[in-house]
Amino acid sequence: MARGLGYYIFVRALMIIPTILILYTIVFILLRLLPGDPILAVVGTRNIPPEQLENLRHMAGLDKPPYIQYFDYLWRLLHGDFGVTLAIPMGTPVKNYIFSRFPATLELTIFGFTISVILGLLTGTVAAVKRGSAVDTGMRLYSIIAYTLFIPWFGLLLQYFFGLVLGVLPTSGRLDPDISLKTITGLYVLDSILTGNIDALISSLAHLVLPSLTLGIVLSGAYTRLVRNNLVDILSMDFIRSYRARGIRDWKITIYALKNAFIPVITLMGLQFAILLGGAILTETTFSWPGMGTFIVDRIDYRDYNSIQGMIIFFAFFVSLISLVVDVIYALLDPRVKY
Amino acid sequence: MSVVVEAVDLRKYFPVPRSIIDVLLHRPREYVRAVDGVSFKIYEGETLALIGESGCGKTTTGRLLLRLEEPTSGRIVFMGRDITRLKPRELRPLRREMQMIFQDPYASLNPRMRIGDQIAHPLLIHKLATPREAREKALEMLKRVGLTPPHEFYERYPHQLSGGQRQRVVIARAMILKPRFVVADEPVSMIDVSMRASILDLLESFRREYRLSMLFITHDISIGRIVSDRIAVMYLGRIVEMGPTEEVIRNPKHPYTRALIDAVPSIARRKRGKKLRIKGEVPDPRSPPPGCRFHPRCPFATEICRGEEPDLVEVGRDHYVRCFHLLGK
Amino acid sequence: MPLLEIDGLRIYYYTLSGIVKAVDNVSLVIGENEWVSIVGESGCGKSTLAYGVVRLVPPPGRIVSGRIMFRGRNLLSMDREEFRSILGREIGMVFQDPMTSLDPLRRVGDQVAEMFTTHLGIDRGEALEKAGELLEVVGLSRDYINYYPHQLSGGQRQRISIAIAMSLKPKLLIADEPTTALDVIVQDTIMDLIEGFKREGTSILFITHDLALAAERSDKIAVMYAGKLVEFGTVDQVVDNPQHPYTMGLLHSVPDLWGPRRIESIPGYPPDLRDPPPGCRFHPRCRFRIDMCSREEPELIEVEEGHYVACWLRSSGGG
Amino acid sequence: MRIVDRPVDVLRSFLRGYLLARVPGVWMLRVGFGIVLSIILMAILAPIISPYDPARRVDEPYLPPSWKHPMGTNRIGQDVYSRIVWGSRIILYVVFLATALSMSIGIPLGLISGYYGGRIDRVLSMVMDSMYAFPALILAIAIAAVLGPSPSNTAIAIAFVYIPTYFRMIRGQTLAIKNSLYVEAAHALGAPDKTVMAKYILPNLSHTILVVFTLSVADSILTEAGLSYLGLSVTVPTPDWGYDLRAGQPFLLDGMWWMVFFPGLMVMLLAMGFALIGEALSERVSLAQTR
């Protein structure tokens, strides 16, 4: 404890670097060393003069030997440069797309994440407290079903029911086309609150309901399971029994137990957030949500490896940041962690 | 009598695990001095009981003798041969001669191997028998340790046995190689009271038959008294007193030994009045106190104890003590 | 009126592979300011009995029948809230493993102070003050209120568990093998601590597998075997004049630094409590068994004043 | 010498001990097994039980479910039911190939890393942890995109993603078992490393492997479906559940639900079958460990 939390965060933040390096290396090896010429993949079967191909190669930095490409790209990453797109529109910095697409993905994941944690905590706690009952079985079944829901399918079912049958919720996009909103952060809900735009707030929330429910419900299954199993373990532990033997009130004991059960859940949150990002790609595609996911899928159609690489590195950075936050929260909550 | 095993100034320092953060912060590496300069001899057919509280280094000492742990420094001499630096390959043939019996009979058997096979396995490892012969010998051994009918027990898995029965299997597995030396690490501390004697009797019968030498590790000096010829008392990685069993128990010279003996509950002397009580708990083995390691807790400690560490000196026939203020003078 | 009167208590575990009769028709009396030790080997039901008294038998266990009278009131027929107010205030309990019986996420002081805030309704500041005083009583310094359990040794944690159990000066302290996980010197100091509380008027129900430990400090010893109480009496009666063959066997199997240098086992193994032997449960391992033993179960009878035994050798006037 | 945990023995003891035992929670196992076995059977019997050629136009497009076409027809007029039946072959092939690959790399690496420790272990763990922390689907998308759409390539992409899962689990368990007394006992007996690994460590991992296997299969089913939904697995006209779902999506909001509903339902059922088995088994295993 000598050097305090600030120092811990600093040192822990340094540990992001190797993680990103490793992922970058893996991605680089995959994208550059596996068979296939990215440039030819972009142009496809179209007949293009050789000098124009060379030009393209040069622009993408592909005319140099792989190890130089490796360090080149790394050097540019350090300066916040994620490369340029190789397909239509060609030569746009990938960074621009990240800036414009990331807020949409962030908004979706924040809502999805919140829903999944709340649902998971509720169902998991109920299951553990009523352990062995029909309610418990029901919750465990919920956890399995939620976990195995296929996101596009579930999303489309929701679209069919709420969009078509009931006709109450929008099924695609982030905002009604006839509403204008001045963007500040790119998170529409936040922006409409900041600008006091009630219409936009209602519309953006309405657009968020189905995608974030889809994502939230599917991801909540893992929490239900973990919270239940942890809480069941904790509730059978000696110190809980000791609490009971001391005449402590039941609701207080449940809170103490939850606090203990929550510690491993925090660890899961970091991992779940990564899975959530994966799920977001499918959700975005299903709901035509203009985020990073739909962008990646677009780029795949063009075989635009530069963009894919940039996006993945950005995801890696983001995931590492989340795991840093999770670790710090963990250290704050658990006195057993030394820092 | 010939010496079977000798430990010479044996030391084992375990590095305290550091996280990457500790490394980045250049925090100095710390060591747990589990065993810190231990020397003794065990003669043929003799049992030495190693007594001490948890964390005193007694188990590590046993593991060092068998080279299950690499010593930091010091020497281990087995049957006149220095085995301290032998490589795992060179050591393997020697494993026939030295065996170990563990504390926890629930954890020391492979849950997925039939107990008969576990007893036969050592013979196969050392290529001392064909599978058929090994099976025959294992069956004999099962009978010998009282697990009858042997054919039935051969087929069972550990979870189908009680604690006492498993410990018999563990003993059979160690004894099938007819070793010269055995380290028994708390072999009865997890066995129900009413069955301890039979396990100890079993060990005793093998000891007599094979003229075994034994290091018997225990925290319970009253068990140590039953099985041993000599006793060594360990405190914070060092032997503080060593001598013939009855002599040490009836006439302890080190305050720690005396406190240990007084703390053991006794039915025969349940109404005894005066006990030597010591304060506090065992200090952190990462930073043992200077001078005599026992001095912070010792009721007789003086200036000299704080500054200097006493040597292990002979105070009676074969009776060694590490203390400036011997008791009972 | 005795402080605690257990009458015909039956606690069964309803496991998938059968009903385990862990405590089977046990009756026991503990007087005011009396130390009673229950001695027996693992699985004899001694801990289950203790859990029964505080109504904390873990599932699938259930108290099947019996009465537990505490100061004239039946603990088993109280509603939850009434019983909760007795727990901690009038009955304290200490568990076996000091490493796991404190909440790892809360400071020691908060866990001690909680007793005062919960049962006496005083505010947290005052409660922490009292917690500090209490820690000094159990031989720790006041500063320990700011420690987390993982920063303490086993002995220190057990002192804190005892401090919590004794914080409201209960009439009865139930201690379930409180020293089993500790070294012998620490064990001795913990026993001194408990003995100190007894001197101040608390009754002790002490659960242990160590007959010698029980013999040194108790007033009375109850010997359990396979879910049954087989012998009960003062320490001198049970230890110097054992009447049940199991008690005799146990006495011979305990090594004693000041006794003979030889111990003996009791032949055989304890029975499976899902399917105990008929008649006396000890008869398959008993050297003195007679025909009667395998047919009918002996009842607990008084062989001398305050000395009870359940054995046909005594009941039939033999021996 | 016999070790209980040859695969055959595991399966036998598993069937005898779990599937047929009368214990609570066994219904999960039975339902899970029922689902998985029916879908495997469906894949095997595809030529017999599918009424039409899955890749051909057999009727009018956009027909709702009827006796003639129990799950309707799609936009090209292919029979949805026949495509579902044949689609099971693709997904099972991809998932099992992927799982076999990731197990055969992840398990030995985890075993060696956990057993020997040291520098190899540190490097391997760091690489695997980084991969593990990264969104599996995104990684799979990148690999699948590079390799180009084909079922075998999808299998490779998925295999890559699940190697860290096996590695971490095996390594963790190996570390735990390595320090157990019975492994120490094996060393004390003089058993060489390979004997220790083969006879003392691996057999004791079998139950955990079984649990992780079922759960990761459930997971990779969803990943496969996700990849083919994004158009990264098969090419037209191969029948594939995820791909078919994507193809039916544009018509959903016109009320034509059958092209989306049935393929997605199958994906979920198959994943759920394995997840149910895994859940039931993990409870058994944790019960066995606490006993």
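Can you tell me which residue is nearest to the other protein chains (Cβ to nearest Cβ) among those in the range D:116-159 that are buried (at least 20 other Cβ atoms within 10 Å of the Cβ) and part of a loop (DSSP other than H, G, I, E, B)?
If we take residues in the range D:116-159 being buried (at least 20 other Cβ atoms within 10 Å of the Cβ) and part of a loop (DSSP other than H, G, I, E, B), then D:P135 is nearest to the other protein chains (Cβ to nearest Cβ).
Of these, C:V36, C:V112, C:V20, C:V64, which one is surrounded by 15 or more Cβ atoms within 10 Å (Cβ to Cβ), on the phi < 0 side of the Ramachandran plot and under 14 Å from the mean Cα position of the chain (by Cα)? Full working, then the answer.
Details: C:V112 fails: under 14 Å from the mean Cα position of the chain (by Cα); C:V20 fails: under 14 Å from the mean Cα position of the chain (by Cα); C:V64 fails: under 14 Å from the mean Cα position of the chain (by Cα).
Only one candidate passes the filter, namely C:V36.
State all residues of the range C:161-172 that are more than 11 Å from every other protein chain (Cβ to nearest Cβ) and under 27 Å from B:S189 (Cβ atoms); if no residue qualifies, say none.
C:I162
Could you list all residues from the range C:87-127 that are assigned to a helix (DSSP H, G or I) and at the interface with chain A (Cβ under 7 Å from one of its Cβ atoms)?
Within the range C:87-127, C:E114, C:M115, C:T118, C:H119 meet the criteria.
From the list C:L56, C:L87, which one is of a type in the set (A, V, I, L, M) and within 14 Å of the chain's Cα centre (by Cα)?
C:L56
Can you name the residue in the range B:182-200 that is in contact (Cβ under 8 Å) with a residue 60 or more places away in the chain and in contact with a strand residue (DSSP E or B) (Cβ under 9 Å, 6 or more places away or on another chain) and, of all such residues, is surrounded by the fewest Cβ atoms within 10 Å (Cβ to Cβ)?
Result: B:S189.
Would you list the helices (runs of 4 or more DSSP H) that sit entirely within the range B:112-187 and hold 3 or more residues that are of a type outside the set (F, W, Y) and more than 18 Å from B:Q99 (Cα to Cα)?
Filter on the range B:112-187 gives B:131-144, B:150-154, B:163-175.
Restricting attention to strands (runs of 3 or more DSSP E) lying wholly within the range B:1-90, give those where 1 or more residues are more than 27 Å from B:D311 (Cβ to Cβ).
B:3-15
Could you tell me which residue of the range B:201-224 is farthest from the other protein chains (Cβ to nearest Cβ), considering only residues that are crowded, with 24+ Cβ neighbours inside 10 Å and within 19 Å of B:N251 (Cβ to Cβ)?
B:G224
When you go through (1) surrounded by 22 or more Cβ atoms within 10 Å (Cβ to Cβ); (2) away from chain B (no Cβ under 13 Å); (3) closer than 30 Å to C:E136 by Cβ; (4) not small (G, A, S) one by one for C:D188, which number turns out not to apply?
That leaves (2) as the condition not met.
Quick check, is C:V230 within 10 Å of another protein chain (Cβ to nearest Cβ) and of a type in the set (V, I, T)?
Taking the combined requirement at face value, the residue does not satisfy it.
Here are the criteria: (1) on the phi > 0 side of the Ramachandran plot; (2) charged (D, E, K, R); (3) surrounded by 19 or more Cβ atoms within 10 Å (Cβ to Cβ). Tell me which single one C:R55 does not satisfy.
Unmet for C:R55, out of (1) on the phi > 0 side of the Ramachandran plot; (2) charged (D, E, K, R); (3) surrounded by 19 or more Cβ atoms within 10 Å (Cβ to Cβ): (3).
Those residues that are in contact (Cβ under 8 Å) with a residue 24 or more places away in the chain, within 14 Å of chain B (Cβ to nearest Cβ) and among the hydroxyl-bearing types (S, T, Y), I need them from the range D:184-239; list them, please.
D:S206, D:T208 - these are the residues of the range D:184-239 that are in contact (Cβ under 8 Å) with a residue 24 or more places away in the chain, within 14 Å of chain B (Cβ to nearest Cβ) and among the hydroxyl-bearing types (S, T, Y).
Somewhere in the range B:218-238, is a residue assigned to a loop (DSSP other than H, G, I, E, B), under 20 Å from C:R261 (Cβ atoms), of a type in the set (D, E) and at pLDDT below 95?
Within the range B:218-238 (the criterion being assigned to a loop (DSSP other than H, G, I, E, B), under 20 Å from C:R261 (Cβ atoms), of a type in the set (D, E) and at pLDDT below 95), the answer is yes, since at least one residue qualifies.
Against the definition (surrounded by fewer than 19 Cβ atoms within 10 Å (Cβ to Cβ), over 19 Å from A:L219 (Cβ atoms), away from chain D (no Cβ under 11 Å) and touching a strand residue (DSSP E or B) at 6+ places or on another chain (Cβ under 9 Å)), how does A:P177 come out, yes or no? Please lay out each step first, then the result.
Details: surrounded by fewer than 19 Cβ atoms within 10 Å (Cβ to Cβ): yes; over 19 Å from A:L219 (Cβ atoms): yes; away from chain D (no Cβ under 11 Å): yes; touching a strand residue (DSSP E or B) at 6+ places or on another chain (Cβ under 9 Å): no.
Judged against the criteria, A:P177 is not a match.
Please count how many residues of the range C:122-148 are loosely packed, with under 13 Cβ neighbours inside 10 Å, closer than 19 Å to B:K279 by Cβ and of a type in the set (G, A, S).
Total satisfying the criteria: 1.
If A:D191 meets every condition in (1) within 14 Å of chain C (Cβ to nearest Cβ); (2) crowded, with 20+ Cβ neighbours inside 10 Å; (3) without any contact (Cβ under 8 Å) to a residue 40 or more places away in the chain apart from one, which number is that one?
Of (1) within 14 Å of chain C (Cβ to nearest Cβ); (2) crowded, with 20+ Cβ neighbours inside 10 Å; (3) without any contact (Cβ under 8 Å) to a residue 40 or more places away in the chain, only one is false for A:D191: (1).
Pick from the range A:202-230 the residues that are away from chain D (no Cβ under 14 Å), farther than 10 Å from A:G120 by Cβ and not hydrophobic (A, V, I, L, M, F, W, C): which of them is surrounded by the fewest Cβ atoms within 10 Å (Cβ to Cβ)?
Only one residue fits best here, namely A:S203.
Here's the yes/no breakdown for (1) in a loop (DSSP other than H, G, I, E, B); (2) away from every other protein chain (no Cβ under 11 Å); (3) not β-branched (V, I, T):
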{"residue": "C:L251", "(1), (2), (3)": "no, no, yes"}
{"residue": "C:G259", "(1), (2), (3)": "yes, no, yes"}
{"residue": "C:R262", "(1), (2), (3)": "yes, no, yes"}
{"residue": "C:S265", "(1), (2), (3)": "yes, no, yes"}
{"residue": "C:L273", "(1), (2), (3)": "yes, yes, yes"}
{"residue": "C:R281", "(1), (2), (3)": "yes, yes, yes"}
{"residue": "C:M292", "(1), (2), (3)": "no, yes, yes"}
{"residue": "C:E297", "(1), (2), (3)": "yes, yes, yes"}
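The values are calculated or read from the model by the stated rules, or taken from the named source; none is laboratory data. Quick caveat, the model's predicted, so the values are computed rather than measured. Every residue, glycine among them, receives a Cβ derived from its backbone with ideal geometry; neighbour counts consider all protein chains shown.
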